[in-house]
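Participant: Starting off with a structure, shown below.
Please treat every number below as a calculation from the coordinates, not as lab data. Predicted, not measured: the structure shown is a model, and the values here were computed from it. Cβ sites come from the backbone with ideal geometry, for glycine too, and all protein chains shown count toward neighbours.
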Amino acid sequence: MDLIDLSSVPAADEARGEFLDQLCEELELDYASYAALSPVSGGVQGYANYPAAWKEFYMRRAFHLIDPTISTSARSIAPVDWGRFDRDERFKTVFGPARDFGLFSQGLTVPVRGPYGDCGLLSVTRECSSSEWRSLKRKIVGNLQTAAVHFHDAVMQGEALSRMLRAPQISTREKEILQWVAAGKSQQDIGDILAISHRTVEVHLRSAREKLGALTTPQAVGRAIRLGIITPD
């Protein structure tokens with residue numbers, strides 16, 4: 001499962017990051033992030049106004065693969081307070097080091113469902129006492145739910161994220177192999193053409209099938225053609 005920070009993508013709309021900054025200022029929050037989970041590729045893409053060093057640290061260690069604020073919240077229909085993760089070792093693994101970057105483990109994630117089977121997650125954090133957090137949360141949760149819906153809809157209308165959500169992140173080699181399969185070549189043929197073993201061809205095909213949500217190679221080829229990843233022979 002890939003993780004893409006859209007704030008680092010040149011084509012991404014800068015207004016998205018400004019929205020998160022304004023949200024934090026208006027609702028008395030420290031940081032905010034938005035993540036969208038693709039129903040096809042399983043990838044995670046989004047924005048965050050966290051410190052750059054923390055984002056780099058998080059991505060380098062692939063914390064999105066174990067972060068319960070993503071996996072658990074994506075299965076919820078109601079806002080998820082991070083307090084429920086106090087005894088979760090995965091949460092401790094992710095947010096233990098976060099303190100070194102000025103982040104604290106008090107937060108809330110608001111899930112929202114999109115029109116393509118996608119799921120958006122708006123997360124916010126605030127360093128304060130437990131009683132202050134409970135009071136603030138009661139005051140702002142309605143605003144956060146509204147903001148999550150508007151932000152998700154706005155981002156889905158933008159080309160950068162909607163394209164990534166609809167099209168899985170297929171590697172160049174996987175595209176190449178799928179294209180040869182579409183042309184009627186066998187795995188052995190493809191291996192000979194690309195100067196790789198037929199076992200390596202199968203590894204790439206398996207990866208492509210998983211990313212495309214396909215059970216068979218013909219299904220993967222068909223979906224890749226429909227998504228414009230490869231062209232019909």
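Participant: Compare the peptides 135-142, 92-99 by average per-residue count of other Cβ atoms within 10 angstrom and give them in order, highest first.
Facilitator: 92-99, 135-142
Participant: Could you tell me which residue out of A214, V203, V181 lies farthest along the dipole of segment 170-226 toward its positive end? Charges go on the beta carbon: Lys and Arg +1, Asp and Glu -1, centred on the Cα centre.
Facilitator: The listed residue farthest towards the positive side: A214.
Participant: To continue, here is another question. Looking only at segment 97-111, which residues have a backbone nitrogen under 17 Å from a spot 7 Å from the Cα of E28 in the C-beta direction?
Facilitator: Residues passing the 17 Å test: 106-108.
Participant: Which three extents, in whole angstrom, do the alpha-carbon atoms of segment 170-226 cover along their principal axes, largest first?
Facilitator: On the principal axes, segment 170-226 reaches 27, 19, 18 Å in Cα extent.
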